[in-house]
Each structure stands twice: as structure tokens, then as C-alpha cells.
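*Asks:* Next up is a structure, given as C-alpha cells.
The values are calculated or read from the model by the stated rules, or taken from the named source; none is laboratory data. Just so we're clear, the structure is a prediction, and the values are computed from it rather than from any experiment. Glycine gets a Cβ as well: all are built from the backbone with ideal geometry, and neighbour counts include every protein chain shown.
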Amino acid sequence: MPADSPDDLTPPRALLRKVRDGLRRSGAKTQVDVRLSRPCDVPWEAMTRVAEGVRRCDRCDANVYDFVGLSRREIVARIRAHGGTTCAQVAARSDGRLVFGECAAGPLDERVRGGLTLG
């Protein structure tokens, strides 16, 4: 049987795993960073409710989305859908690191708002 026959092809998941593992070993960055690039001091409660999880900031005339409790993947997808930057409320630790998913439910986390970008 020739080497490139369909029976010899690696399943897509296994191939992706090999590529990801190779990138990690080489030191290449495989995870997208989410950064709070423009902190905002307008309280969430002071913003006008537009829809569930969306408020309107009168100071900067922009929608602000509630990303608290979303996974990193969900947040990255939403930021990309907004052209690479969006204003949002997220959970953060006292050292400024953003917290994603179920980890955001902890009592020590605080909610911060501002412009989020991908890095």
C-alpha cells in the first residue's frame, strides 16, 4: 500500500495534538493573552442596562459586556467578534491577573471594567 493512502493518514485530532505538543516544546506561544488595556472606573451599576449582560457607558458612549464567569476561549471569541478589542467587565485577582470560567466565582476576586485586547 502507498504511504499516502487514506489508511495511513493520521486522524485530525491526533495530528493537531502533535503540532500543539511540538509548539510547546519549541517554546512557541499557543495561548492567546487577554489584557485589560484601558481600565475604567465607571461602576457597572451606574451604566444603563441595554440587555442581559450588556450595559451602556455614557462616559465613553460604548457597550460594556459582562464576561465574568466566561472561559478564556469564550472571551477570546467575543473579543475577536468585536474586531480585537471591546469594553467588558471581567473578574480579576488583586494582582491584576484576569480570572476565567468557574475560578471567577471565588470570594476574593473583584470585578474590573475596561477595554480588553488580545495579545
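*Asks:* Identify, by number, the condition in (1) assigned to a helix (DSSP H, G or I); (2) at pLDDT below 80 that Val76 doesn't meet.
*Replies:* (2)
*Asks:* Give me a count of the residues in the stretch 79-110 that are surrounded by 15 or more Cβ atoms within 10 Å (Cβ to Cβ), among the hydrophobic types (A, V, I, L, M, F, W, C) and either touching a residue at least 12 places away in the same chain (Cβ under 8 Å) or not in a strand (DSSP E or B) (or both).
*Replies:* Residues in the stretch 79-110 being surrounded by 15 or more Cβ atoms within 10 Å (Cβ to Cβ), among the hydrophobic types (A, V, I, L, M, F, W, C) and either touching a residue at least 12 places away in the same chain (Cβ under 8 Å) or not in a strand (DSSP E or B) (or both): 9 in total.
*Asks:* Could you please find all residues in the stretch 44-73 being on the phi > 0 side of the Ramachandran plot and either among the hydrophobic types (A, V, I, L, M, F, W, C) or at pLDDT below 90 (or both)?
*Replies:* Gly69
*Asks:* Take the residues of the stretch 57-73 that are part of a loop (DSSP other than H, G, I, E, B) and more than 12 Å from the chain's Cα centre (by Cα): which is surrounded by the fewest Cβ atoms within 10 Å (Cβ to Cβ)?
*Replies:* This residue is Asp61.
*Asks:* Looking at (1) at negative phi; (2) modelled with pLDDT under 75, which is the one condition that is false for Ser37?
*Replies:* All conditions pass for Ser37, except number (2).
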